[in-house]
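Presented below is the structure to which this report refers.
The values are calculated or read from the model by the stated rules, or taken from the named source; none is laboratory data. The structure presented is a predicted model; accordingly, all values stated were derived computationally and were not measured. Using ideal geometry, Cβ is built from the backbone for each residue, glycine included, and neighbour counts are taken over all protein chains shown. The area values use the complete protein model at the heavy-atom level, side chains included, leaving out ligands, DNA and RNA. Shrake-Rupley method; radii C 1.70, N 1.55, O 1.52, S 1.80 Å.
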Amino acid sequence: MNKLKLHNLISSPWILVVLMLLMLTSCATSIKFPVERPAEIDSKGANSIAVLPFSSGNMLPFYFNHTADSKVIVNYIQEQFQKKILSSGFFTLIAAQGLPKDGKPNTDAAYDLYIHGNIYNFSNKVEKILVESEDKKKKEYIFKRKVSLSVKYQVVYTQTGEILYTTTQHIEEESSEYATERELPDFFSLISSDLNSRITTITKKLMPYTTTRSLSLLNYKTKDEATKEAMKTAQQLAKDRYYSQAQQAYLNIYEQQGIFEAGYNAALLLEATGKLKEAEELMSQLLFSTSNKDASKALQAIQQEIRYSDRLQYQLNAQKLSAQKTKAPEESSEAIIQN
């Protein structure tokens, strides 16, 4: 009976599809490498930034204003932004207190940009829920905490007061049910992870960041032992993360034998080693000669990486030019004093 059940399970078309996918993915060699992503927000070549204190206050009058709890959230948001800015190193972090000139343009401020915002409609409630047995003879209470709030974030260009980015995020979290109110988690533990995730998303829009790309190399089946051994050697180099050597090994095979999979893998490894233009040229050649769908998708991905790279370089150049313009008056004044 057990054997029959096992046979039926293995014979199921869905199980067969899953097994085939597992076999295919297990045979593929994946390469992983870091890539730089540009900021999504145009910061106009800004070099310095301040994180100003967030304000707190409820817009709806029937909500109770938890002043102490709101202060905890405000401090956390400011600290997390500051930590992420410091770890990025893209901007110089400037300490600042309060909005410059009540939020109006300020040409005298020591920072090019500032982040600020406010928390509103904050609610931290404990629900006491009556639970009765089916016969209604046994009654007991359980407790649950519910926390909700809205946070408005803004990134402002100081000199003009232009809002470069704004978003309002709404958070609603609730705890599990507990037998006593004392067992309930504190309100901040329910929302801290969500707050941090949203702050991380905003900083990724504001500053360049590093992420990881993962690409799968193609396998090639052949009865020719010399070719099989050459492909195996290149694959092992890629598995061992010797990407430059693996790329050259695959390229040699492609140039000597014209094997598509070898050329495709060589192009991916060129991308992994930062040689985007060379990767684009090789993948374009493969697509032109084969019209292969894998080559088409890979080429589009490489071209997207080139656009990312160009945008990042533009942002770095704009920042460098802005810094030079800022220093120029100082240098000329020093020269006048020396003369």
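Maximal additional length on extending the SER133-LYS275 stretch stands at 44.2 nm, based on 0.36 nm per residue less the C-alpha distance.
Residues TYR209, TYR220 ordered from highest to lowest accessible area at a 1.4 Å probe: TYR220, TYR209. Binning the alpha carbon pair distances of the stretch 175-294 at 10 angstrom intervals from zero yields the distribution 11, 30, 18, 12, 12, 10, 6, 1, expressed in whole percent. Across the stretch 199-339, C-alpha contacts under 8 Å between residues 6 or more apart give a mean separation that, scaled by the residue count, equals a relative contact order of 15 percent.
Counted by Cβ distance under 12 Å from ILE41, the other residues give a net charge of +1, where Lys and Arg count +1 and Asp and Glu count -1. Ranking THR167, VAL156, LEU130 by Cα position along the charge dipole of the stretch 105-178, where only Lys, Arg, Asp and Glu carry charges on their C-beta atoms, puts LEU130 farthest toward the positive end. Scattering from the C-alpha atoms of the stretch 124-164 alone, worked out with Debye: what is log10 I(q)/I(0) at q = 0.24, 0.26 1/Å? Each listed q corresponds, in turn, to -0.83, -0.88. Approximating the spin labels as points 7 Å out from Cα along Cα→Cβ, the ASP108-to-GLU177 distance works out to 6.1 nm. The HN-Hα couplings worked out from phi for the stretch 215-222 by the Karplus form 6.51 cos²θ - 1.76 cosθ + 1.60 (θ = phi - 60°) are 10, 9, 7, 8, 8, 9, 9, 8 Hz, whole numbers, x standing for Gly and Pro.
Note on the stretch 147-252: with charges restricted to the Cβ of Lys and Arg (+1) and Asp and Glu (-1), its dipole about the Cα centre is near 900 debye.
Stretching the chain fully between THR29 and THR210 yields a gain of 62.9 nm (0.36 nm per residue, less the alpha carbon separation). P(r) tail, the stretch 108-252: Cα-Cα pairs separated by more than 23 Å, 66% of all pairs.
Compared with the direct C-alpha span, the chain from GLN304 to GLN285 gains 5.1 nm at full extension, assuming 0.36 nm per residue.
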